[in-house]
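Remarks on the structure that follows.
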Amino acid sequence: VWAAEFASWAKGCWRDWAMDPARWCDTSRQMTVPEQFQLGFRTALIEGDALGLLSWRPERMEYGRGHYATTVGLVEPDRLSNRDDMEDDAFNRGGVEIDRDGAAVRYSFRDAHPGDWYAGQSAFTWRTWARETRWGRPVVVHYFEAERIGQHRGVGVLAPVLARMRMLTRYDSVELQAAVVNATLAAFIQSRDDPDLVQESLNADVPAHQMARAEYYTDNRLTLNGVRLPVMYPGDSINTVAATRPAGNYPAFQAAVLRNIAAATGQSEMQVPQDWSKTNYSSARAALLETWKTIGRRRAGFARGFAQPIWVAFLEEAMERDAPPMPAGAPDFVEMRGA
């Protein structure tokens, strides 16, 4: 009975804070906590890291504002770097300072993103934050999927296929340019001029044979029932440009690249291009079941590594500030945080 009462109380406090329409839970007051989790998960997939900074803002607890002082601010992974752009060493790994056991103890963040043109000097100044307070309250929340032992920064899922994605983008641009050229140049006139006349046309401003051709086409405008009949200059012929675009090997190349992207991101071959025309229900369902295994693993990992520390920090404040239904002789939250 007590467990059900406590869970109901804790979830209610969480909803009041995380779903606040005024967004006092966000340090920048832009998103709710679920929206922050969504953006953090997407950032972890693309950049490899999800970073959050837990702040204490008691000034937000004034009348009509938030009820809690805990706020969450997402941090762009590009801002996490060694101070003064120093190279990695035994105790500094891409902005993460570790101890002799390999545990992260401090994080160094630039005051501004290095790519912001308006940042000025702020892009070259750093601020260091401890991983947690002395009693264990999280301050910096850092989540990534480790692929090797001793890894301290993450790698995005698209990193192995970035080169192929760039090739596909360039191929698309070339095919589009070729299609535009084919649409613009629908036909051309082929002439049997000899090399001397061609040389003359290159050296003279208005070659004589070109003037004769222009006068000929100007004077010969025959029509039949409103339809113009082309009367060619002697030796000329009309040829059309074959609009064979995209090229015959383009679909196979595109499919191969999309398969590589699907394999790297843990999706099925049909999900990336959203083309389900070449599959049936059974094969599509089997592919989605395999994809769901990857999605479930990533979701569970993100919940443990990023969402749970934020939940723990909030619950600590809620239990100190409010009156939770606790049994007699219950220990302090700090003593039994895991439970």
task = Could you please state how large a percent of the accessible area of the range 1-76 is carbon and sulfur, counting protein chains only and using a 1.4 Å probe?
result = 55 percent
query = Tell me, what ³J(HN,Hα) does each residue in the range 102-114 have, in order and in whole Hz, if you take phi through Karplus 6.51 cos²θ - 1.76 cosθ + 1.60 with θ = phi - 60° and put x for Gly and Pro?
reply = x, 8, 6, 10, 8, 10, 10, 10, 5, 6, 8, 5, x
ask   = For the range 264-278, in order, what is each residue's ³J(HN,Hα) by Karplus, 6.51 cos²θ - 1.76 cosθ + 1.60 with θ = phi - 60°, in whole Hz (x at glycine and Pro)?
value = 6, 8, x, 10, 7, 5, 7, 6, 5, x, 6, 10, 10, 6, 9
query = Sequence-distant or interchain residues sharing an amide H contact under 5 Å with Arg93, placed H: which?
reply = Ile98
note = Amide H neighbours of Gly66 at under 5 Å, excluding residues fewer than 5 places away on the same chain, with H built from the backbone geometry, are none
ask   = In the range 1-52, which trypsin sites (Lys or Arg not before Pro) are in a loop and have at most 15 other Cβ atoms within 10 Å, using DSSP for the loop call?
value = Arg29
ask   = Across the range 313-328, in residue order, what do the Karplus-derived ³J(HN,Hα) couplings come to in whole Hz, using 6.51 cos²θ - 1.76 cosθ + 1.60 with θ = phi - 60° and x for Gly and Pro?
value = 5, 5, 5, 4, 5, 4, 6, 7, 8, 9, 10, x, x, 10, x, 5
ask   = Ranked highest first by average number of other Cβ atoms within 10 Å, how do 139-147, 319-327 line up?
value = 139-147, 319-327
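The values are calculated or read from the model by the stated rules, or taken from the named source; none is laboratory data. Note that the structure is predicted; figures quoted are calculated from it, not measured. In this analysis, Cβ positions are derived from the backbone assuming ideal geometry, glycine residues included, and neighbour counts consider all displayed protein chains. Heads up: the accessible areas ignore ligands, DNA and RNA and are worked out on the full protein's heavy atoms, side chains in. Shrake-Rupley method; radii C 1.70, N 1.55, O 1.52, S 1.80 Å.
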